[in-house]
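Data block below; observations after.
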Amino acid sequence: MAGKTLYDKLWDSHVVRQEEDGTTLIYIDRHLVHEVTSPQAFEGLRLAGRSLWRPAANLATPDHNVPTTEREKGIVDPVSRIQVETLDHNCVDFGITEFGMDDPRQGIVHVIGPEQGATLPGMTVVCGDSHTSTHGAFAALAMGIGTSEVEHVLATQCLIQKKAKNMRVTVDGALSAGVTAKDVILAIIEKIGTAGGTGHTIEFAGSAIRGLTMEGRMTLCNMAIEAGARAGLVAVDEQTIEYVRGRPYSPAESHLPQAEAYWRGLKSDADASFDSEVLLRAEDIRPQVSWGTSPEMVVSIDDAVPDPQQESDPVKREGMINALNYMGLEAGMAITDIQLDKIFIGSCTNSRIEDIRAAAAIVRGHKVAGTISQAMVVPGSGLVKKQAEEEGLDTVFIDAGFEWRDPGCSMCLAMNADRLEEGERCASTSNRNFEGRQGRGGRTHLVSPVLAAAAAIAGHFIDPNRLEN
Amino acid sequence: MEKFTMVEAIVAPLDRPNVDTDAIIPKQFLKSIKRSGFGPNLFDEWRYLDVGEPGQDNSKRPLNEDFVLNQPRYQGARILLARENFGCGSSREHAPWALEDFGIKVIIAPSFADIFYNNCFKNGILPIVLNEKTVDDLFTAVEQNPGYKLIVNLPDQVITTPDATTINFDVDSFRKHSLLQGLDDIGLTLQHVNDIRAYEQRSCKLTPWLFKDMQCK
């Protein structure tokens, strides 16, 4: 019999019961909650007179609507304020631990889960947010769910699912200098398409993936959903175990030997088989820049904006024409000629301490170009912000002309006051370049923190290696 | 949830791939703490010429006459014909809430994003996957025949076109059953309380660090 994949192992260890047609009740170890996708779920519980199955399995924080500046004044937008207050009330009423807006541990839900050790290897982790795939970096089966499923998990600690297929994306070799986890995942999405992983759980493997830090692996798994996969995974190694040790929600000392032994088994067996396999060479991956309105519309920094007339598929060609139109770009234009208006460094993809360090290393000693109307850094959590300030990185950014903000989702989706205006063009370290994502009419180019920082200084996209000279 | 059986309705064609849930319902409307009332803001940025904000009187806003759902021939559409990877992006269930509130009961596409597909069933919407050729043919037929209607029969899993051609479709048996009966998933799962408790006791021994809040026997 063939061996098991990591996904098979995680799935099998969480089956509560299975019906003949494959419909399965799976147990959920950790449920992360934020203010946008939960109010209707709590309301549903109230209407049905249901209580929480297991309050301690939940952890909540507001992130989408919170202001990233002058937080002491509260939330100005009354609709946003009600949503955040509703989360506060629901957490009190149902006995859920919440890191509220003024808690130093508050932050983006996908940053604080791992930071607190609330995400651990071998867990099932869900949240009413598609970027829950982030937590797969810890060999946790982590996926985004809708609000009906949020209510289902609150009431039963389970989900009704059918097992997905297994896909493995292997990236072997050594990444070149200046090429980050963000470039790797953008290159993967470009290769397999935004529906390439639909119906699959993707395991990321290969020497280049093993060479990524835990934060890099989080960036990678974060965007598995942009490749269509509800969950992405990376096997446990010593780095994983080192990272989770000693965090507030991590196992007690007494459980640690048992836990670590268990975690070390969280990898695919050598003879496991996958339904599909994709291979990339690390050496082929250059810094990536998205040019269109879908995360698969990506080229490398040295390339030009592609020409729709070269595309043979009529539906795709039409999509490219629409995208270029929306983005205000001409086919054939060099990526490095694209002038920018705003810079956003943040989001659940790229707002952790290593992202901020990498951007600061580029920015140090430079000034933001005069043509850039706003450049901001939004740390992923209060603790990331504090760490960066202890390292003096806030000063590096502020001296260069960046704004140094409080933690939240911010301009990744512009639910708070941080947004693009009609026609503005942004180099963004976030995950989605959809029409209107960062504000109606706003134009988003997805890049790594390194490229965003370099673009802030040059005013246009530039290979950071050239900037140094 | 309302029971789903048969739908006979006008088909509206949305001819673009990778329609994301940000497009289906933009973020500013996600601030609502209610489950209803999203229909008027369905496809807000494509449907209206001005910038939509929560709390507006949408009946007074300038319409984008070119957008498919604003065209007179597609008024009353309850079936949406779409392209590949429909519903990609954010997990927001506000997307099916908006479609349902607008009146859409069936979406036909060559493929759907997983989370959106799943969310549809929880809200009485039937997402149907057909192969690309069949979807292409439907786009052509809808375009050429004003008032084009389809009959979608869920119990028999068959679509009937105006010229009486039939197209069979697949649907997961559990989801079909839930949709036909209008069942509440939570109620179903709570019939298995003993299985859940038994699972917790088993796992408590294997991974005790995940059950610090519980009494393991």
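Assessment of the range A:114-124 against the conditions (modelled with pLDDT of 95 or more, over 18 Å from the mean Cα position of the chain (by Cα) and small (Gly, Ala, Ser)) yields at least one matching residue. Mind checking which residues of the range A:235-277 are within 11 Å of chain B (Cβ to nearest Cβ) and of a type in the set (Phe, Trp, Tyr)? Matches in the range A:235-277: A:Tyr249, A:Tyr262, A:Trp263.
I'm trying to understand the selection: among the residues of the range A:144-163, which are of a type outside the set (Val, Ile, Thr), in contact with a strand residue (DSSP E or B) (Cβ under 7 Å, 6 or more places away or on another chain) and within 8 Å of chain B (Cβ to nearest Cβ)? The answer is A:Gly144, A:Glu149, A:His152, A:Gln157, A:Cys158, A:Lys162. Got a sec? Which of A:Gly146, A:Gly193, A:Gly178 is touching an Asp or Glu at 6+ places or on another chain (Cβ under 7 Å) and surrounded by fewer than 23 Cβ atoms within 10 Å (Cβ to Cβ)? The match here is A:Gly193. Is it fair to say B:Asp163 is buried (at least 16 other Cβ atoms within 10 Å of the Cβ) and either under 19 Å from the mean Cα position of the chain (by Cα) or of a type in the set (Asp, Glu) (or both)? It is false that B:Asp163 is buried (at least 16 other Cβ atoms within 10 Å of the Cβ) and either under 19 Å from the mean Cα position of the chain (by Cα) or of a type in the set (Asp, Glu) (or both). Would you confirm, using the coordinates I've provided, whether A:Gly232 is within 14 Å of chain B (Cβ to nearest Cβ), within 26 Å of A:Asp129 (Cα to Cα) and in a strand (DSSP E or B)? Considered against the rule, which asks whether it is within 14 Å of chain B (Cβ to nearest Cβ), within 26 Å of A:Asp129 (Cα to Cα) and in a strand (DSSP E or B), A:Gly232 comes out as yes. Of everything in the range B:166-186, what is of a type outside the set (Ser, Thr, Tyr), buried (at least 18 other Cβ atoms within 10 Å of the Cβ) and either over 21 Å from B:Arg83 (Cα atoms) or modelled with pLDDT under 95 (or both)? Give them in sequence order. Those that are of a type outside the set (Ser, Thr, Tyr), buried (at least 18 other Cβ atoms within 10 Å of the Cβ) and either over 21 Å from B:Arg83 (Cα atoms) or modelled with pLDDT under 95 (or both): B:Phe174, B:Arg175, B:Leu179, B:Asp185, B:Ile186. Of the residues making up the range A:315-352, those that are basic (Lys, Arg) and outside any loop (DSSP other than H, G, I, E, B) are A:Lys316, A:Arg317, A:Lys342. Taking first residues from the range B:61-84 that are within 14 Å of chain A (Cβ to nearest Cβ) and farther than 26 Å from A:Lys316 by Cβ and partners that are of a type in the set (Gly, Ala, Ser) and in a loop (DSSP other than H, G, I, E, B), the Cβ contacts under 8 Å between residues at least 6 apart in sequence or on separate chains come to B:Arg61/B:Gly52.
Whether any residue in the range A:53-62 is within 9 Å of chain B (Cβ to nearest Cβ), aromatic (Phe, Trp, Tyr), touching a residue at least 60 places away in the same chain (Cβ under 8 Å) and over 21 Å from A:His131 (Cβ atoms) is what I want to check. Yes, the conditions are met somewhere in the range A:53-62. Picking from residues in the range B:95-153 that are more than 18 Å from B:Leu180 (Cβ to Cβ), without any contact (Cβ under 8 Å) to a residue 24 or more places away in the chain and not hydroxyl-bearing (Ser, Thr, Tyr), the one that is surrounded by the most Cβ atoms within 10 Å (Cβ to Cβ) is B:Asp114. Checking each residue in the range A:431-451 for being within 12 Å of another protein chain (Cβ to nearest Cβ) and of a type outside the set (Phe, Trp, Tyr) picks out A:Asn431, A:Arg432, A:Asn433, A:Glu435, A:Gly436, A:Arg437, A:Gln438, A:Gly439, A:Arg440, A:Gly441, A:Gly442, A:Thr444.
A search for C-beta distances below 6 Å between a residue of the range A:186-198 that is more than 10 Å from every other protein chain (Cβ to nearest Cβ) and any residue that is of a type in the set (D, E, K, R) and not in a loop (DSSP other than H, G, I, E, B), counting only pairs 6+ apart in sequence or on different chains, returns A:Ile189/A:Glu226. Taking the criterion of being more than 14 Å from A:Ala56 (Cβ to Cβ) and either more than 8 Å from every other protein chain (Cβ to nearest Cβ) or in contact with a strand residue (DSSP E or B) (Cβ under 6 Å, 6 or more places away or on another chain) (or both), the residues of the range B:199-215 that qualify are B:Tyr199, B:Gln201, B:Arg202, B:Lys205. The single condition among (1) free of Cβ contacts under 8 Å to residues at least 40 places away in the same chain; (2) closer than 30 Å to B:Ala82 by Cβ; (3) more than 14 Å from chain B (Cβ to nearest Cβ); (4) aliphatic (A, V, I, L, M) that A:Met320 does not satisfy is (3).
Among the numbered conditions (1) more than 30 Å from A:Val447 (Cβ to Cβ); (2) crowded, with 23+ Cβ neighbours inside 10 Å; (3) within 11 Å of another protein chain (Cβ to nearest Cβ), the only one that A:Cys91 does not meet is (3). Taking the listed residues A:Gly3, A:Gly22, A:Gly44, the one that is touching a residue at least 12 places away in the same chain (Cβ under 8 Å) and away from chain B (no Cβ under 12 Å) is A:Gly3, with no other qualifying. Note on the range B:1-57: residues that are touching a residue at least 12 places away in the same chain (Cβ under 8 Å) and either assigned to a loop (DSSP other than H, G, I, E, B) or among the small types (Gly, Ala, Ser) (or both) total 29.
Taking the range A:1-61 and the strands (runs of 3 or more DSSP E) fully enclosed by it, the elements with 1 or more residues that are farther than 25 Å from B:Ala198 by Cβ are at A:30-33, A:58-60. The set of residues from the range B:29-60 being more than 9 Å from chain A (Cβ to nearest Cβ), over 20 Å from the mean Cα position of the chain (by Cα) and surrounded by 16 or more Cβ atoms within 10 Å (Cβ to Cβ) comprises just one member, B:Tyr48.
The set of residues in the range A:136-151 being in contact (Cβ under 8 Å) with a residue 60 or more places away in the chain and under 26 Å from B:Trp97 (Cβ atoms) consists of A:Ala142, A:Met143, A:Gly144, A:Gly146, A:Thr147, A:Ser148, A:Val150, A:Glu151.
The residues of the range B:19-48 that are polar (S, T, N, Q) and closer than 13 Å to B:Ser90 by Cβ amount to a single one, B:Thr21.
Could you tell me how many of the residues in the range A:343-373 are within 25 Å of the chain's Cα centre (by Cα) and more than 30 Å from B:Asn85 (Cα to Cα)? Summing the residues that are within 25 Å of the chain's Cα centre (by Cα) and more than 30 Å from B:Asn85 (Cα to Cα) in the range A:343-373 gives 12.
The values are calculated or read from the model by the stated rules, or taken from the named source; none is laboratory data. As the structure is a prediction and not an experimental result, all values here were calculated from the model. Note that we place each Cβ from the backbone using ideal geometry, even for glycine, and neighbour counts take in every protein chain shown.
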